[in-house]
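S.K.: Take this structure, written in structure tokens, and hold onto it; I'll ask about it next.
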Amino acid sequence: MLQCEREAVTHTRSSARNAVVNEEMPLYFKQLLDERCGCASYIVASRATREAAIVDPSLNTEQYDQLLQERHFELRYVIDTHVHADHVSGARKLAAAHGAQLCMHESAQVAFPFLPLHDGEDLELGQLRLHILHTPGHRPELISMLVINPPRSPEPSMVLTADSLLVGDVGRPDFGGGDANRQYESLTRLLRLPDWVGVFPGHFEGPCGKGMCGRPSTTIGFERLYNPLLRLERDAFVSSMSEEVPARPLNMIAIERTNRGDADLSFAMLSDSAEAPSVDLDGRASLEDVLILDVREPSEYALVHIPGAVNLPQAELATRLDEIPRDQPIVLVCQAGSRSQRAAQFLRQIGYRNTVSGRGGMESWEAAGGPVERGSDETAGPRVKETEWAHAGGS
Ligand SMILES: [Fe+2]
């Protein structure tokens, strides 16, 4: 166990002055932000030995190839912190292309071989150590990693937290075997790190959290003080995790099956951010002879929907294409028009050219006095939090 896991370490100016900084053994650290899916990936390398690790790569692996080549780094490890639900991972492709070891936590349920990582283990990267912390909650297999450069300090300067600790938020635990109690325990463990440790999460926006502040990084000290979820006692934390959750990500089922190696449904990723055409839902446009596809969650649909609308949640689109006719005009509807826009982009990308998004969603429809069918509150599940998420999915 690291010293910083036992107790917060305080350094005086004199002890910092006495520390030996070996200028010839710096590290390289780069955060790559994918604006289209709100995801962050990372390259960590030793400048002494040129060995590199890449964490949570996207499917757009050319960006990493180029960087490795430019920097003359040799890729030793590709680490997926967990089975992702919102983007197709590029980890296997990257590891195969570079002869690197593909790493995941030992408990990862996937259909391909990988180097199993264990809690407390160190991956060596030249003089660097990547110290593995098993931090389940968002997913059972999720790991965080401390980045330690011993010639500079025996203590970690950074922690990659994936979808455990996010900036101003925490990763949602409500699907894929997630567990709010385990998330609470993992966060409690991370908060034992010293204040100075920089926090680099797996997302800076998107559907894996519900209140990310938008910054791409933070510190343990700042989050301890100002992350509202970290101030809650266990029971309040657990209930807040289930009170209001964002909708499941677009094409989550297909993306997860792909990332587990059970199928190759990479087409489920949005690759084009061109806006799809939309139609007003203010009662002026005729919806006769069109298929109204309601892409909200079943609990939202059960509460209220347009008569005749068919419910097909955005998370299931790519795996239920056989239910979507190709020869009929389609209007996609969600709560406020954001999910339906992304879903329309996806359907048009794969050839459903006669598909448009319903602008303003059910909010516009109801405000305009459009007819609705309502269910009782008892039939509805947890309230779905509407998040503004206008980007395309990215690669
Ligand atoms: Fe995730």
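The values are calculated or read from the model by the stated rules, or taken from the named source; none is laboratory data. Computed from a predicted structure; not experimentally measured. Backbone-built Cβ (ideal geometry, glycine too); neighbour counts: all protein chains shown.
S.K.: Exactly one condition in (1) modelled with pLDDT under 95; (2) loosely packed, with under 14 Cβ neighbours inside 10 Å is not met by D264; state its number.
M.R.: (1)
S.K.: When region 220-247 is examined, which residues are found to be of a type in the set (F, W, Y) and within 14 Å of R182 (Cα to Cα)?
M.R.: Of region 220-247, the ones of a type in the set (F, W, Y) are 222, 226, 237.
The answer is F237, and nothing else.
S.K.: Moving to a separate point now. Is one or more of the residues making up region 303-313 under 18 Å from A254 (Cβ atoms), among the hydrophobic types (A, V, I, L, M, F, W, C) and part of a strand (DSSP E or B)?
M.R.: So far as region 303-313 goes, no, none of its residues is under 18 Å from A254 (Cβ atoms), among the hydrophobic types (A, V, I, L, M, F, W, C) and part of a strand (DSSP E or B).
S.K.: While we're on this one: Residues in region 148-206 that are buried (at least 23 other Cβ atoms within 10 Å of the Cβ), within 12 Å of the ligand (Cβ to nearest atom) and of a type in the set (A, V, I, L, M, F, W, C): how many?
M.R.: Going through region 148-206 one residue at a time, the tally reaches 3.
S.K.: Just wondering, is there one or more residues in region 90-107 that are within 14 Å of T258 (Cβ to Cβ) and assigned to a loop (DSSP other than H, G, I, E, B)?
M.R.: Keep residues of region 90-107 that are within 14 Å of T258 (Cβ to Cβ), which gives 90-93.
Narrowing the set further to residues that are assigned to a loop (DSSP other than H, G, I, E, B) leaves 90.
Yes, that holds for at least one residue.
S.K.: Here are some residues: E62, E35. Which one is under 30 Å from R339 (Cα atoms), modelled with pLDDT of 95 or more and surrounded by fewer than 17 Cβ atoms within 10 Å (Cβ to Cβ)?
M.R.: Working: E35 fails: modelled with pLDDT of 95 or more.
Exactly one of E62, E35 is under 30 Å from R339 (Cα atoms), modelled with pLDDT of 95 or more and surrounded by fewer than 17 Cβ atoms within 10 Å (Cβ to Cβ), namely E62.
S.K.: Another question, if that's okay. Check H105, H84, H98 and return the single one that is under 29 Å from P246 (Cβ atoms) and in contact with a helix residue (DSSP H, G or I) (Cβ under 9 Å, 6 or more places away or on another chain). If you could, list the steps in order and put the result at the bottom.
M.R.: Details: H105 fails: in contact with a helix residue (DSSP H, G or I) (Cβ under 9 Å, 6 or more places away or on another chain); H98 fails: under 29 Å from P246 (Cβ atoms).
From the options H105, H84, H98, the qualifying one is H84.
S.K.: Next question, about the same structure. For region 107-132, name all the residues that are free of Cβ contacts under 8 Å to residues at least 60 places away in the same chain and away from the ligand (no atom under 16 Å from the Cβ). Explain how you work it out, then say what you get.
M.R.: At the first step, the residues of region 107-132 found to be free of Cβ contacts under 8 Å to residues at least 60 places away in the same chain are 107-108, 113-119, 121-122, 124, 129, 132.
P113, F114, L115, P116, L117, H118, D119, E121, D122, E124, R129, I132, listed by residue number.
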